[in-house]
Amino acid sequence: LRVRLAGYPRKHNEGRVELFYNDEWGTICDDDFTLANAHVLCRHLGFVAATGWAHSAKYGKGVGRIWLDNVNCAGGEKSIGDCKHRGWGNSDCSHEEDAGVICKDERIPGFKDSNVIEVRKLRDRAPQSQQARLCSVCGRASCSRQEELGPCPTDCAQVPGSLWVGVWMWGRPGAAPLRAVRAGPASGLPSLRRLFTERQQLNYRLHSVSCAGTEVHLSMCAFEFYRGNASAACGGGSPAVVSCAPGPQFATGSANKKKQRQQQQGQPRIRLKGGAKVGEGRVEVLKGSEWGTICDDRWNLLSASVVCRELGFGSAKEALTGARMGQGTGPIHMNEVQCLGTEKSLWSCPFKNITQEDCKHTEDVAVHCNVPYMGYETLIRLSGGRSRFEGRVEVAVGAGAGEQPHWGLVCGEGWGTLEAMVACRQLGLGFANHGLQETWYWDASNVTEMVLSGVKCTGHEMSLSHCQHHGSSLNCRNTGTRFAAGVICSETASDLLLHAPLVQETAYIEDRPLHMLYCAAEENCLSSSARLANWPYGHRRLLRFSSQIHNNGRADFRPKAGRHSWVWHECH
């Protein structure tokens, strides 16, 4: 049973309840509706519980059938269909009595969001015998795992430099970052077509694929499957082939990057913050000279895909609401963004300017974009740690075509949090908790050779190889394994922010007598010139202020030192 929230005005966690039954969407009547009913519906939608429910079509009148009436749940049912009711379609209500729910804005851990594209949907739309086999070749003779639509054909990986059907979409004019190329006599890729036809007997399953260009996944387009004997399929055609233009982060060569930067100059700016991986994070936009966030009212996959494409990624996997990637700070620039999907910039989409009362940072939007599979995680590993999230960093070097990689250690000299951030991102393990310069306690591997030194990262790189380093000329003072770099990664992170306005509002100057500052002097809280003062006479001029620290991140803040090691001092 499929359930959705609809209506307007509403937040992402509230709305009119609609049920998809017997191939038709319909509503629930509010007669005898209870909070227990709302609990069952909210859990079905992936929220932990309900905080309330609404009657009398608060979120607007629905259309179509009124599927359920006099629903009576105990509260523990897995689906609203398991509760007692009058029977499907048996109701004496009108749409003026449509029920709604208000869910607690907290997701069930691991629950798949309704604003998520499941790439397996394409497989589900055909019998097992007629599944489309889509795969993409990354140009390095390796089948991509991006689509996860089953194993690639054996010969697929042997077609160098090609992109087989299964990349996000083709045929959209002016698509970015995708550039469309149609196979055939005038395709400009005759050798590619010949390679396909020579190496394998093509087995066509999909045809008549028709996309509007706004779809976020190929499975959303109209298409047909070949039925029965497909040996004569696609008689007048040839394999569909695409050629993708890399986004800014994936372009190779300084000339390309310079050109990309020039193209981006003068455009409204947009960025992702708070995400551990490439292509995910809280959406922030630049208005005037100030970065701000976007409110999650009406946020969906179409708008999220515009963001992803503008940043040089593919379409969006998820459109996240409720500050799932942490709360931002500063202004909220946009609300009720409603993109068609064809826009080149989020600023081209219709949206509303908001006032302070409309939205809070607890409603900041985020995205999770499709990104090309680059295979970076195969070039790094951890060893010796107590869990897969920690250990000594080992990197693969000299892994050419057909060659086995040579594993080695990273010099711990100069290794810090920024380098650890890149390592954790490359490993797919989230954020960096610590970057360690000594790892003698993780000495559990037979890898002892130092192969990388002088690593200096900005923190945004996708791989350690993209950071500055000494290259083949190793320069490390301590080459013993105990001085190899290590990391401790974390899937979530806290984000502590100082309430700066409060500091400004409460700051004042105080002249305090020296005889009241003995304790502060013993704790070295005064400047060095205080040692020369005429104790206990005279005074010191102090800057006093109040402070508040807020945790706007995705995890609880826990001090590095446990409570057992905290020290109480009456002066502090």
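The values are calculated or read from the model by the stated rules, or taken from the named source; none is laboratory data. Note that this is a predicted model, so its numbers are computed, not measured. Neighbour counts are summed over all protein chains in view; Cβ atoms, including those assigned to glycine, are modelled from backbone coordinates with ideal geometry. All accessible areas refer to the heavy atoms of the entire protein, side chains included, with ligands and DNA or RNA removed. Shrake-Rupley method; radii C 1.70, N 1.55, O 1.52, S 1.80 Å.
Pairing residues of the stretch 286-299 that are closer than 15 Å to VAL337 by Cβ and touching a residue at least 40 places away in the same chain (Cβ under 8 Å) with residues that are surrounded by 14 or more Cβ atoms within 10 Å (Cβ to Cβ) and of a type in the set (Lys, Arg), at Cβ distances under 7 Å and at least 6 apart in sequence or on separate chains, gives THR293/ARG282; ASP297/LYS11. The set of residues in the stretch 529-545 that are open to solvent by less than 100 Å² (accessible area, probe 1.4 Å), more than 29 Å from LEU496 (Cβ to Cβ) and among the hydrophobic types (A, V, I, L, M, F, W, C) comprises ALA530, ALA533, TRP535. Restricted to the stretch 273-379, the set of strands (runs of 3 or more DSSP E) holding at least 2 residues that are among the acidic types (Asp, Glu) comprises 280-287. Taking the residues in the stretch 507-528 that are surrounded by 14 or more Cβ atoms within 10 Å (Cβ to Cβ) and free of Cβ contacts under 8 Å to residues at least 24 places away in the same chain as candidates, determine which candidate is nearest to HIS550 (Cα to Cα). So, considering only residues that are surrounded by 14 or more Cβ atoms within 10 Å (Cβ to Cβ) and free of Cβ contacts under 8 Å to residues at least 24 places away in the same chain, the one nearest to HIS550 (Cα to Cα) is LEU526. Checked against the criteria, ARG194 does not count as under 27 Å from VAL278 (Cα atoms) and modelled with pLDDT under 60. Checked against the criterion of being open to solvent by 20 Å² or more (accessible area, probe 1.4 Å), out of contact with any Leu (no Cβ under 7 Å at 6 or more places or on another chain), part of a loop (DSSP other than H, G, I, E, B) and closer than 30 Å to VAL337 by Cα, the stretch 67-78 contains not a single residue that satisfies it. Got a number for residues in the stretch 484-498 being open to solvent by less than 60 Å² (accessible area, probe 1.4 Å) and closer than 17 Å to GLY435 by Cα? So the count comes out to 10. Only residues that are open to solvent by 50 Å² or more (accessible area, probe 1.4 Å) and part of a loop (DSSP other than H, G, I, E, B) were counted across the stretch 49-63, and they come to 5. For the stretch 228-250, filtering for residues that are modelled with pLDDT under 70, closer than 19 Å to ARG205 by Cβ and either in a strand (DSSP E or B) or not polar (S, T, N, Q) (or both) leaves 3. Scanning the stretch 81-90 for residues that are open to solvent by less than 70 Å² (accessible area, probe 1.4 Å) and touching a strand residue (DSSP E or B) at 6+ places or on another chain (Cβ under 7 Å) gives CYS83, HIS85, GLY89.
For the residues GLN504, GLN548, the requirement of being open to solvent by 90 Å² or more (accessible area, probe 1.4 Å), within 30 Å of LEU272 (Cβ to Cβ) and not small (Gly, Ala, Ser) singles out GLN504. Applying the criterion of being in a loop (DSSP other than H, G, I, E, B) and not basic (Lys, Arg) to the residues of the stretch 380-399, the residue that is nearest to ASN433 (Cα to Cα) is PHE389. Filtered by the rule that a residue be surrounded by 19 or more Cβ atoms within 10 Å (Cβ to Cβ) and in contact with an Asp or Glu (Cβ under 9 Å, 6 or more places away or on another chain), the stretch 422-435 gives VAL422, ARG425, GLN426, LEU427, LEU429, GLY430, PHE431, ALA432, GLY435. When the stretch 32-48 is filtered for residues that are open to solvent by 70 Å² or more (accessible area, probe 1.4 Å) and not in a helix (DSSP H, G or I), only ASP32 remains.
Checking each residue in the stretch 314-333 for being open to solvent by less than 10 Å² (accessible area, probe 1.4 Å) and farther than 24 Å from CYS103 by Cα picks out GLY314, SER315, ALA316.
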